[in-house]
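The values are calculated or read from the model by the stated rules, or taken from the named source; none is laboratory data. For clarity, every value in this text was computed on a predicted model and none was experimentally measured. All Cβ positions, even for glycine, are placed from backbone atoms using ideal geometry, and neighbour counts span all protein chains on display. The area values use the complete protein model at the heavy-atom level, side chains included, leaving out ligands, DNA and RNA. Shrake-Rupley method; radii C 1.70, N 1.55, O 1.52, S 1.80 Å.
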Amino acid sequence: MPSLIQPDSAFLVLIQAGEQKGFYPLSNDVVTSIGRSPENTIPLHDDRCSRNHASIFYENGEWCIEDKGSRNGTAVDDRVIHSMRSRLYPGCRLQIGHSVLLFGCGDPLQADTNVDAENPNAIESDTATSLRGSGTGVFGVSGEDLPRPSEEEHHSTVIHTSGISSFVTKVTQEREKSVKPRTTRNGFGSQELCQLAFSLGRAEEIEQVAKIVLEGLLEATGASAAGLWLFPYSQSSSSTHQASDIRLVASVTVNDSVYQPISGPLVSTVIERCEAVLATEQIKSGDQKVNSPRLPVTRGQFSEGGSLNNTLAAPIRNQNQILGLIHLYSATENTLELGDLDYSLAVADTVAVALNHVHRQKELADNLNKVQSENSTLREMLKIETEIIGISPPMKLIGHMISRAAEGKATLLIRGESGSGKELVARAVHLASNRRTKPLVCLNCAAISESLLASELFGHEKGSFTGATERKIGKFEAANGGTLFLDEIGEMSQALQAKFLRVLEGHPFERVGGNTPITVDARVIAATNRDLEREVADGRFRHDLFFRLRVLEIIVPPLRKRHEDIPILANYFLDKFSKETGRKYEGFTSEAMDTLLNYAWPGNIRELKNVVERAVVLSTGPYIQQDDLLLTNLNTTSGSSIQQYDISPASISVFDPISLEEIEKHHITKTLEYFQWNKSLVAKNLGIERTTLDRKIKRYGIDKTE
């Protein structure tokens, strides 16, 4: 019977498909679990292996294996055990599914595993009790910017790999008593890892993350150098990287030595396996190759036959993506251990969270700056292009209606007196809609003759009429995808109204003199200062076009009905023209402001703008005086034809007492005559409901013959 095995010298060699796939040192204070679940110490990707297949542990001076009730059992030297334990001895052969595990003890570097090509899972009998490492490299192609040692220069052997750190693995009740917390060679464990995570959580830059991690790992593992390597950042979680894409972000060393980059083959191995790797790298000295800066060692660490350089690489994993890796190596007799591998892998997973936090913070900052810039730009656009200013209730209602009208693509009719700002409302609707990136095309129907208006709207072909020297697209085509604003729509002739209506209904049109159908996607906003109801009643405007235009309607109130906005508008224009002329004004005198407030403003905002501009040019003092304001005696649009009653005492020479009912009856009668008995407009002008107007007409006995 063999003597007791030293607990710190045992190891397992994993053989799959005739090739050595892994080397796993065993620790007497840790239960080594084997199974298909990735949480196991030795995960096996084998469909014949159970999730928690077996465990290996050190007990009473012996190494034992216990089957955990697996489906297919565990073979120990061709003897299958189910839910049993068996003692292990050097050269013992374990088979789990299609995988073979060879148990050995002693120095793994003096071992070799001879595999029968015809029977890959069989081991030659003369080497069954003396396992020796293969010494063959297991790494792939190196990166473009990484060292590329040849086979004569560089040999690497994997000692151990780990996909999950014990710091983040749940311990079952069965293993809780036998598993001791794994620490680094310098005694760093869960407490230090927690402190490191808190420090990383406060890092705001990648440079801060690198400094915290690398200095912390050197202190924890006693390594000679550490480096943080990252792939180019990508927001896509499905992006893949090659070894040549990785770049060194930061590195630290002890004793001011020069950091030697990670080898390309090791990067490829970490990427392919997505696991942390602890490896020994055999550096063959000879001639000038000894001092090659490409090799991951520092000068003076070679013996005549070569030097062992313990190297550790842990992937920084974010879900299914590898962000980079952490590289450690020791160029002294202080070798890296399994505890260092376990701790470094946990640190790498923590770094992934910190990097995501840093990238997310930068994305949020960039998005915030972009949104603030866009918001500022839109505010400037609204201020410059629309100049919609006001705090009065009517203007607040206009703002609400603009936001609602901007949501769809329905035709909008804007009504109001001349100079009240109908075009500014149309611009605001366009800028608030999803068509704001497309053109806003404006056309004043009253400024173009009837013969040319069709050409302006629909375009014309070359030679279609005298002066048509080339083909021209119309406003409808120019506004394709955007908005077409037609001011003074009431000036359009009836012949053109019919063609315009067909386009509004979605029918294609043809250019003047052409025969090619053209279909466009343009939202139409029309404006008028005319009483379209009266125009329809008089037969000057098509009733079907009126109803088609009036899907949505915004009525812009005249300036005299929004006195709260007069001081704001006056000061806005004063500031604007002061900047343009280079003159500084403190504001308006109280007498000047009272004059502005008491004026009826028949020209509305346009007139106010012109009055302030003239005052800025002609005024000489720091304040705009009353005498600087040039006002007119014109009546307002709505009051020009309606009798105005002056009931001031100075205007009454002979007092003739009459009742209020007679005054009201007379006023309603005159208003009905003025609006040709259009009761809707009369009620609107009088400021009462239509039903109230009907009651008063009936009460006073007013009829058209009166």
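Laid out as a table, the results:
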| read-out | value |
| --- | --- |
| Lone qualifier among LEU501, LEU397, LEU431, LEU443 - being within 23 Å of ILE518 (Cα to Cα) and in a helix (DSSP H, G or I) | LEU501 |
| Residues being touching a helix residue (DSSP H, G or I) at 6+ places or on another chain (Cβ under 8 Å) and either aliphatic (A, V, I, L, M) or assigned to a loop (DSSP other than H, G, I, E, B) (or both) - total across segment 504-516 | 5 |
| Residue that is modelled with the lowest pLDDT, among those in segment 476-496 that are part of a loop (DSSP other than H, G, I, E, B) and open to solvent by 10 Å² or more (accessible area, probe 1.4 Å) | SER493 |
| Helices (runs of 4 or more DSSP H) (entirely within segment 517-597) containing at least 1 residues that are more than 17 Å from THR411 (Cβ to Cβ) | 532-537, 565-581 |
| Residues (open to solvent by less than 60 Å² (accessible area, probe 1.4 Å) and more than 26 Å from GLU275 (Cβ to Cβ)) located in segment 40-74 | GLY61, CYS64, GLY69, GLY73 |
| Residue ID - surrounded by the fewest Cβ atoms within 10 Å (Cβ to Cβ), chosen from residues in segment 587-600 that are farther than 15 Å from ARG562 by Cβ and not β-branched (Val, Ile, Thr) | SER590 |
| Hey, THR469 more than 40 Å from the chain's Cα centre (by Cα), β-branched (Val, Ile, Thr) and open to solvent by 20 Å² or more (accessible area, probe 1.4 Å) or not | yes |
| Residue pairs meeting the criteria (Cβ under 7 Å; at least 6 apart or on separate chains; first over 16 Å from ILE34 (Cα atoms), in segment 77-95; second open to solvent by 80 Å² or more (accessible area, probe 1.4 Å) and outside any strand (DSSP E or B)) | PRO90/THR129; GLY91/THR129 |
| Qualifying residue in segment 542-557 (condition: over 26 Å from VAL441 (Cα atoms) and surrounded by 17 or more Cβ atoms within 10 Å (Cβ to Cβ)) | no |
| Near pairs, Cβ below 8 angstrom, 6+ apart or cross-chain, from segment 186-202 (more than 16 Å from VAL353 (Cβ to Cβ)) to any residue that is surrounded by 15 or more Cβ atoms within 10 Å (Cβ to Cβ) and β-branched (Val, Ile, Thr) | ASN186/THR221; PHE188/THR221; GLY189/THR183 |
| Residues within segment 193-219 that are among the charged types (D, E, K, R) and in a helix (DSSP H, G or I), tallied | 4 |
| Scan of segment 183-192 for residues that are closer than 21 Å to THR335 by Cα and part of a helix (DSSP H, G or I), ordered by number | GLU192 |
| LEU504 being aliphatic (A, V, I, L, M), closer than 13 Å to ARG523 by Cα and open to solvent by less than 40 Å² (accessible area, probe 1.4 Å) | yes |
| Criterion violated by SER33 - all others in (1) over 26 Å from GLY339 (Cα atoms); (2) of a type outside the set (A, V, I, L, M); (3) open to solvent by less than 20 Å² (accessible area, probe 1.4 Å) satisfied | (1) |
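Each row is one residue, and each column tells you yes or no for (1) touching a residue at least 40 places away in the same chain (Cβ under 8 Å); (2) not charged (D, E, K, R).
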residue: ASP565; (1), (2): yes, no
residue: TYR572; (1), (2): yes, yes
residue: GLU580; (1), (2): no, no
residue: MET593; (1), (2): no, yes
residue: ARG606; (1), (2): yes, no
residue: ARG614; (1), (2): no, no
residue: GLY621; (1), (2): no, yes
